[in-house]
Amino acid sequence: MMEKGPTSTELLRWSEALAGIGRTGLAFTDNRYEQERFEEVLAVAADIRVAAVEEAEHEQVVAEWMKSVGSGIPGYVTPKIAVGAIVGNDEGELLLVKRADVGIWLYPTGWADVGYSASEVAVKEVREETGIDCRVERLVALYDGLRLGFSIVPLYSLVFHCTATGGTLEPHPLECADVGWFSRDALPEPLAPGAHEGERSWLDLAFAVIDGDASEVAFDPPRDEPWRTPTDADE
């Protein structure tokens, strides 16, 4: 039987991993020979990205990566941090926002801000995006966005369970096209990718925590061979 080839999500993840190695290497070396080798790594990573994202252009991808090269510790490439909030109300409904940029529905989420703790970012994002005040209950998930395929930017997503405490629904004029409370049987469309991904479903997680599920924090378990393309038997 013919083996399954890599998906665009896997190609993108491999590309970003190689690009991270290349940019970090450039940040820590002054040796011209090593610099050339790391620049070649970026070129290969760009080829993989073009194969994963059709509209990507090789020269532009390499140029963007090169612009982000730092020096020493500041140049060590790591995933960005996003913070999300699963907010429930007294009726057991889930707070969702329709993102203005891509038109999909998801729980409030945004980039982590310097000077704020992660939980403070969650409260801030909910208030700014929806007009709702909330109380943070606990961390419920820590996901790798590239691994799950819901991001083309390397990121770790910290997701908190929150309870609404007040406020009035009011979507952010620039970031959100709409906002609302939704029950499981009356959800809007289209939902963000991963809403119906079995054990990895963010939608199932959201309603489980709103309903009182006190399970441990969900996370992506380590794999013995993280770069191998999984077979059907591995799923």
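The values are calculated or read from the model by the stated rules, or taken from the named source; none is laboratory data. All values derive from a computational prediction rather than experimental measurement. So basically every Cβ, Gly included, is an ideal-geometry build from the backbone, and we count neighbours across all protein chains shown.
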Which of the residues that make up segment 73-92 are farther than 24 Å from Ser157 by Cα and in contact with a helix residue (DSSP H, G or I) (Cβ under 6 Å, 6 or more places away or on another chain)? none
Search result, residues across segment 26-68 that are over 17 Å from Val153 (Cβ atoms) and basic (Lys, Arg): Arg32, Arg37
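Among the candidates Gly180, Gly167, single out the residue that is touching a Gly at 6+ places or on another chain (Cβ under 6 Å), at pLDDT 90 or above and not hydrophobic (A, V, I, L, M, F, W, C).
Numbers: Gly180 fails: touching a Gly at 6+ places or on another chain (Cβ under 6 Å).
The conditions single out Gly167.
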Across segment 120-144, what is the total count of residues that are part of a strand (DSSP E or B) and over 30 Å from Pro226 (Cα atoms)? 6
Filtering segment 134-161 down to residues that are touching a helix residue (DSSP H, G or I) at 6+ places or on another chain (Cβ under 6 Å) and not aliphatic (A, V, I, L, M), which residue is farthest from Phe207 (Cα to Cα)? Pro154
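Here's the yes/no breakdown for (1) in contact with a Pro (Cβ under 7 Å, 6 or more places away or on another chain); (2) of a type in the set (A, V, I, L, M); (3) without any contact (Cβ under 8 Å) to a residue 40 or more places away in the chain; (4) assigned to a loop (DSSP other than H, G, I, E, B):
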| position | (1), (2), (3), (4) |
| --- | --- |
| Ile152 | no, yes, no, yes |
| His161 | no, no, no, no |
| Pro171 | no, no, no, yes |
| Asp178 | yes, no, no, no |
| Pro188 | no, no, no, yes |
| Gly194 | no, no, no, yes |
Mind listing just one residue for me: the one in segment 1-48 that is touching a Leu at 6+ places or on another chain (Cβ under 8 Å) and of a type in the set (Lys, Arg) and, of those, surrounded by the fewest Cβ atoms within 10 Å (Cβ to Cβ)? Arg23
Output the number of residues of segment 77-103 satisfying the condition of being more than 20 Å from Ile210 (Cβ to Cβ) and surrounded by 14 or more Cβ atoms within 10 Å (Cβ to Cβ). 6
